[in-house]
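The values are calculated or read from the model by the stated rules, or taken from the named source; none is laboratory data. Note that the coordinates shown come from a computational prediction; the quantities given were computed from them, not determined experimentally. Note: ideal-geometry Cβ built from the backbone for every residue, glycine included; neighbour counts use all protein chains shown.
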Amino acid sequence: MPNRNSLVTRWLTTAPDWLFAAYAIAASFSTYFCMYAFRKPFAAATYDELGTFAGLDLKTALVISQIVGYTLSKVIGMRVCSELGRANRALVLVLLIIWAQSALIVFAVVPSSWPAGWRVLAILLNGLPLGMIWGLVVRYLEGRRLSELVLAGLSCSYIIASGVVKDVGRIWMDAGVSDVWMPAVTGLCFLPLYLVSVWLLNQVPEPSVADMDSRTERPRMNGADRAKFVGHFWVGLLLLFMVYFFLTAYRDFRDNYGIEIFQTLGYADTPAVFTRTEFPVAIGVVLSLAVLNVFRNHRHGLIAVFAVMTCGLMLMAGATLALDAGLLRGRELWWMVLVGLGSYLAYVPFGTALFERLLASTHFRGNAVFAIYIADSVGYTGSIALQVYKDLFQSDINRFDFFHGFTYAFSLLGAGLLVASCIYFLPKTNRALETLQSGNRSV
């Protein structure tokens with residue numbers, strides 16, 4: 001638990017809003033950025049020489065295995081992250097990353113004569129702790145007047161980190177590190193910074209009285225609270241989770257098979273190609289989501305969140321139309337940037353602004369992390385399903401063509417589901433406002 005008398009915590013308690021936001025963004029950004037060094041570097045290699053596993057390309061098996069572990073982590077995190085108190089949060093963040101790094105070392109030391117299943121198991125164990133880190137970091141930031149701003153800054157971390165850590169992994173392989181040792185070496189490089197970042201994040205004070213008045217209190221949720229939340233919003237949540245099922249699958253496919261897509265586009269040998277595509281995406285997303293902080297009316301803010309997400313899906317379809325029409329000839333790299341921007345504009349709010357605004361506008365007493373983790377559990381199941389479907393039933397189609405067709409299908413379906421979900425939630429925000437005003441009149 002942070003020492004409330006520590007110099008940093010006392011300073012942050014009285015700091016101007018802009019300075020508090022800058023500190024919170026920097027500490028949370030750095031923490032989650034470093035986490036990606038333990039999760040994504042292995043995707044920079046193809047592992048072609050290691051063969052197959054259970055009828056799947058070995059890289060597909062590794063990607064799915066990590067996602068299985070990550071999904072189980074999200075299921076566990078529904079309870080752990082929504083109930084865990086402040087006192088043990090930093091310690092758990094450290095223990096989770098040590099577990100993940102240990103699994104990467106196991107992945108590297110498995111003898112090549114052993115069955116490939118041992119490496120698949122190691123990557124599953126690597127994903128198992130990592131899925132809880134997002135929720136624990138968000139618990140430091142939610143329920144504040146500046147939540148959209150600081151959560152937008154946090155979200156920027158994994159957009160940039162995914163590209164940077166894969167480029168770092170490629171640098172290590174170019175320097176002679178084997179593809180199986182590369183993930184562990186990359187993780188070790190980021191471990192000291194991760195530890196410092198967790199300490200800095202743990203100095204962030206609890207939400208103030210003004211924060212709770214603006215956004216409602218964000219208490220821990222027990223089983224009855226979680227059941228009440230699902231029962232109250234189940235129709236709208238079902239629509240949202242259908243979107244997230246396909247959206248996570250889309251985002252993960254682009255992320256995990258980016259090197260194969262770049263090979264088809266002719267950019268596989270471009271230096272720092274992942275970083276070059278993800279930086280513009282991150283800037284576009286963080287600016288778009290930061291603007292949401294200007295909406296003080298939470299109902300209007302919720303509508304704005306749905307508008308940003310829907311526009312993101314339409315951008316994916318529009319960029320693909322431009323590619324097919326030849327408008328991006330010689331600049332195909334920008335197609336990856338634009339579909340990435342569109343997908344992240346729809347994806348990021350699920351982990352930040354969407355449920356933050358939903359709770360604030362409906363005055364439901366709970367925390368956003370529980371809703372985020374239900375969504376993630378559904379979403380990563382979709383990611384697994386898509387990759388298994390591709391390798392078992394569409395194996396004759398290369399990954400670029402499969403991704404290209406999926407872009408059209410999902411963007412149109414997802415936009416319709418988002419509009420329907422928004423229409424469902426808006427009356428609930430009106431009733432919450434009427435109840436609040438009635439209560440104020442009776443005082």
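For beta carbons closer than 6 Å, sequence separation of 6+ or different chains, a first residue in the range 76-103 that is free of Cβ contacts under 8 Å to residues at least 40 places away in the same chain and a second that is in a helix (DSSP H, G or I) and surrounded by fewer than 21 Cβ atoms within 10 Å (Cβ to Cβ), the qualifying pairs are Ala103/Leu125.
Here Gly169 does not qualify as of a type in the set (Gly, Ala, Ser), farther than 14 Å from Leu289 by Cβ and either surrounded by fewer than 24 Cβ atoms within 10 Å (Cβ to Cβ) or in contact with a Gly (Cβ under 9 Å, 6 or more places away or on another chain) (or both). Residues in the range 294-314 that are crowded, with 17+ Cβ neighbours inside 10 Å and basic (Lys, Arg): 1 in all. Within the range 333-349, the set of residues being farther than 15 Å from Phe253 by Cα and surrounded by 23 or more Cβ atoms within 10 Å (Cβ to Cβ) comprises Leu345, Ala346, Val348, Pro349. Restricting the range 387-410 to residues that are in a helix (DSSP H, G or I) and of a type in the set (Ser, Thr, Tyr) leaves a set whose member that is surrounded by the most Cβ atoms within 10 Å (Cβ to Cβ) is Thr407.
When restricted to residues that are surrounded by fewer than 24 Cβ atoms within 10 Å (Cβ to Cβ) and not hydrophobic (A, V, I, L, M, F, W, C), the range 363-386 contains 6. Residues in the range 198-218 that are surrounded by fewer than 17 Cβ atoms within 10 Å (Cβ to Cβ) and closer than 27 Å to Arg296 by Cβ were compared, and the one that is modelled with the highest pLDDT is Glu206. Of the listed requirements (1) in a helix (DSSP H, G or I); (2) among the hydrophobic types (A, V, I, L, M, F, W, C); (3) out of contact with any Leu (no Cβ under 8 Å at 6 or more places or on another chain), Trp114 misses just one: (1). Out of Gly127, Gly51, Gly135, one residue alone is modelled with pLDDT under 85 and not basic (Lys, Arg). It is Gly51. Pick out the one residue from Phe410, Phe364, Phe355, Phe406 that is hydrophobic (A, V, I, L, M, F, W, C) and in contact with a His (Cβ under 8 Å, 6 or more places away or on another chain). Within the list Phe410, Phe364, Phe355, Phe406, the selection yields Phe364.
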